[in-house]
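Peer 1: Okay, handing you the structure first.
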Amino acid sequence: MFAAARQTSSLAKRAFSTSSVNNTRVAVLGAAGGIGQPLSLLLKLNPLVSHLSLYDIRLAAGVAADVDHCNTPSKCVGYGPEDGGLEKSLENAEIILIPAGMPRKPGMTRDDLFNANASIVRDLAKAAAKVAPKARIGVIANPVNSTVPIVAEVFKAAGVYDPKRLFGVTTLDIVRASAFLSGIAGTKPAETNVPVVGGHSGPTIVPLLSQLPEGKKVVEQGGEQLAALVKRIQFGGDEVVKAKDGAGSATLSMAYAGADWADSLLRAMNGEQVEICTYVESPLYADKGVSFFSSPVQISSEGTVGEIKPVGQLHPSEQKLLDACLPDLKKNIEAGVNFMKQ
Ligand code: NAI
């Protein structure tokens, strides 16, 4: 069943369940932001989390004090930048989520965030490489296509890079594809699992609608409905940016998606078979200079990257989308790598 929808339907029940082992320490960097706060709350409700460390340059102590009062088994502690708070927040972290950074305003693309966010992610990654080099890292801060390679370069420079522990969180694209297609097809969102491959910005987002029966119908009919659906999945974030009118981008749906991504790792570490689309160092299109790519990935029992699966059969219209994605993605990855060479 689709992990995102399965989680919400059972979230409250599972928060108090005694059958799963809650023994994983999770850190959220940028925890007081629009995404960070609801993400921290959802993680506090996850029965597989034993300890939650919240770090931010502002307000983290308050957010942690608030979240910690939820009567679920995990403990939640907040840290600010004073007194080595960043390093303290990372001690013994097993999963680190990074939503720290500026969100978009109307008219901005995710790439426009590069200048602001590249150095934020770099500095947080440096601390992670020093204090928690074995943690699994999920990068949410945009532009994900570039910030993930930045983390890889930081870890390489520190001599601790393990590509199996680094992920870009592209789950929101999958959540949106599921919501939008099920809205058209009249299917249950929880059972409408659209693989979304490529990267996480506009044309690099490639939904593979033809791989499920209700999507195949829409793809084969083609025309305006298909074009509008694909555009909505690729640019759904713009709808939110526009509706928030300068107050930021997707936060609540992103927190839901980020919590779901973390839950996928936690469940795999707890013995479940889990496969998700996520952005990782990948051999699939490395010959085209695209060294990071999102495709279905089996999560190992260690919560790390297991088998990286190919994209599977594509309709010619999807092949076109993939062909358009690769050069853009290559440029985004190069931008991240070059930033670290400066
Ligand atoms: P926000 O501005 O509400 O929150 C960002 C938080 O990061 C703030 O609390 C800020 O104090 C904190 N921060 C800034 N510099 C920091 C540092 N050096 N160390 C620790 N914390 C720091 O922004 P929002 O809406 O939460 O978005 C965060 C990021 O997530 C943005 O880059 C946004 O583009 C991205 N995003 C990613 C999505 C995805 O699908 N991967 C979807 C939506 C947003």
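Peer 1: Mind telling me which of the residues Pro316, Pro327 ends up being more than 16 Å from the ligand (Cβ to nearest atom) and over 30 Å from Gly107 (Cβ atoms)? Even if it seems obvious, please write down each step before you answer.
Peer 2: Working: Pro327 fails: over 30 Å from Gly107 (Cβ atoms).
Being more than 16 Å from the ligand (Cβ to nearest atom) and over 30 Å from Gly107 (Cβ atoms) holds for just one of Pro316, Pro327, which is Pro316.
Peer 1: Looking at (1) in a helix (DSSP H, G or I); (2) surrounded by 24 or more Cβ atoms within 10 Å (Cβ to Cβ); (3) within 16 Å of the ligand (Cβ to nearest atom), find the lone condition where Leu266 falls short.
Peer 2: (3)
Peer 1: Now, a different point. So, Pro103, is that one in a loop (DSSP other than H, G, I, E, B) and within 19 Å of the chain's Cα centre (by Cα) or not? Walk me through how you get there before you give the answer.
Peer 2: Working: in a loop (DSSP other than H, G, I, E, B): yes; within 19 Å of the chain's Cα centre (by Cα): yes.
The answer is yes for Pro103.
Peer 1: Let me ask something else. I'd like to know if region 270-286 contains one or more residues that are crowded, with 20+ Cβ neighbours inside 10 Å, hydrophobic (A, V, I, L, M, F, W, C) and assigned to a helix (DSSP H, G or I).
Peer 2: Taking every residue of region 270-286 in turn, none turns out to be crowded, with 20+ Cβ neighbours inside 10 Å, hydrophobic (A, V, I, L, M, F, W, C) and assigned to a helix (DSSP H, G or I).
So that you can scan it fast, the table gives a plain yes or no per residue for (1) more than 9 Å from the ligand (Cβ to nearest atom); (2) touching a helix residue (DSSP H, G or I) at 6+ places or on another chain (Cβ under 7 Å):
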{"residue": "Asn115", "(1), (2)": "yes, no"}
{"residue": "Val121", "(1), (2)": "no, yes"}
{"residue": "Lys126", "(1), (2)": "yes, yes"}
{"residue": "Thr147", "(1), (2)": "no, yes"}
{"residue": "Ile150", "(1), (2)": "yes, yes"}
{"residue": "Ala157", "(1), (2)": "yes, no"}
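Peer 1: Also: Filter region 234-261 down to the residues that are β-branched (Val, Ile, Thr) and either under 15 Å from Gly107 (Cα atoms) or buried (at least 22 other Cβ atoms within 10 Å of the Cβ) (or both) and list them by number. Steps first, please.
Peer 2: As a first pass, look at region 234-261 and keep what is β-branched (Val, Ile, Thr): 240-241, 251.
The answer is Val240, Val241.
Peer 1: Within the group Asp111, Asp123, Asp162, Asp83, which residue is on the phi > 0 side of the Ramachandran plot and among the charged types (D, E, K, R)? Explain how you work it out, then say what you get.
Peer 2: Numbers: Asp111 fails: on the phi > 0 side of the Ramachandran plot; Asp123 fails: on the phi > 0 side of the Ramachandran plot; Asp162 fails: on the phi > 0 side of the Ramachandran plot.
Result: Asp83 is the single residue among Asp111, Asp123, Asp162, Asp83 that is on the phi > 0 side of the Ramachandran plot and among the charged types (D, E, K, R).
Peer 1: Restricting to region 309-333, name every residue that is within 30 Å of Ile96 (Cβ to Cβ) and either crowded, with 17+ Cβ neighbours inside 10 Å or without any contact (Cβ under 8 Å) to a residue 24 or more places away in the chain (or both). I'd like the intermediate steps shown before the answer.
Peer 2: Within region 309-333, the first condition is being within 30 Å of Ile96 (Cβ to Cβ), and the residues that meet it are 309-311, 325-326, 328-333.
Matches in region 309-333: Val311, Cys325, Leu326, Asp328, Leu329, Lys330, Lys331, Asn332, Ile333.
Peer 1: Identify the residue in region 81-113 that is modelled with pLDDT of 95 or more, crowded, with 18+ Cβ neighbours inside 10 Å and near the ligand (Cβ under 10 Å from one of its atoms) and, among all such residues, is nearest to Asp245 (Cα to Cα). Before the answer, list the steps.
Peer 2: As a first pass, look at region 81-113 and keep what is modelled with pLDDT of 95 or more: 81-101.
Applying the additional criterion that residues be crowded, with 18+ Cβ neighbours inside 10 Å yields 85-86, 89-90, 93-101.
So of that shortlist, the ones also near the ligand (Cβ under 10 Å from one of its atoms) come out as 85-86, 89, 98-101.
Working: Gly85: 34, Leu86: 32, Ser89: 33, Ile98: 24, Pro99: 21, Ala100: 21, Gly101: 19 Å.
Filtering region 81-113 for residues that are modelled with pLDDT of 95 or more, crowded, with 18+ Cβ neighbours inside 10 Å and near the ligand (Cβ under 10 Å from one of its atoms), the one nearest to Asp245 (Cα to Cα) comes out as Gly101.
Peer 1: So which pairs qualify, if the first residue must be in region 139-159 and farther than 14 Å from Ser119 by Cα, the second must be of a type in the set (Asp, Glu) and within 13 Å of the ligand (Cβ to nearest atom), the Cβ gap must be under 9 Å, and the two must be at least 6 apart or on different chains?
Peer 2: Qualifying pairs under 9 Å: Asn145/Asp111.
Peer 1: Conditions first: (1) in contact with a Leu (Cβ under 8 Å, 6 or more places away or on another chain); (2) touching a residue at least 40 places away in the same chain (Cβ under 8 Å); (3) not polar (S, T, N, Q). Ala32 passes all but one, so which condition is the exception?
Peer 2: Failed condition: (2).
Peer 1: Taking the residues in region 30-67 that are closer than 24 Å to Met269 by Cα and in a loop (DSSP other than H, G, I, E, B) as candidates, determine which candidate is nearest to the ligand (Cβ to nearest atom).
Peer 2: Step by step, filter region 30-67, then rank; the result is Ala31.
The values are calculated or read from the model by the stated rules, or taken from the named source; none is laboratory data. Just so you know, these numbers come straight off a predicted model, no measurement behind them. Using ideal geometry, Cβ is built from the backbone for each residue, glycine included, and neighbour counts are taken over all protein chains shown.
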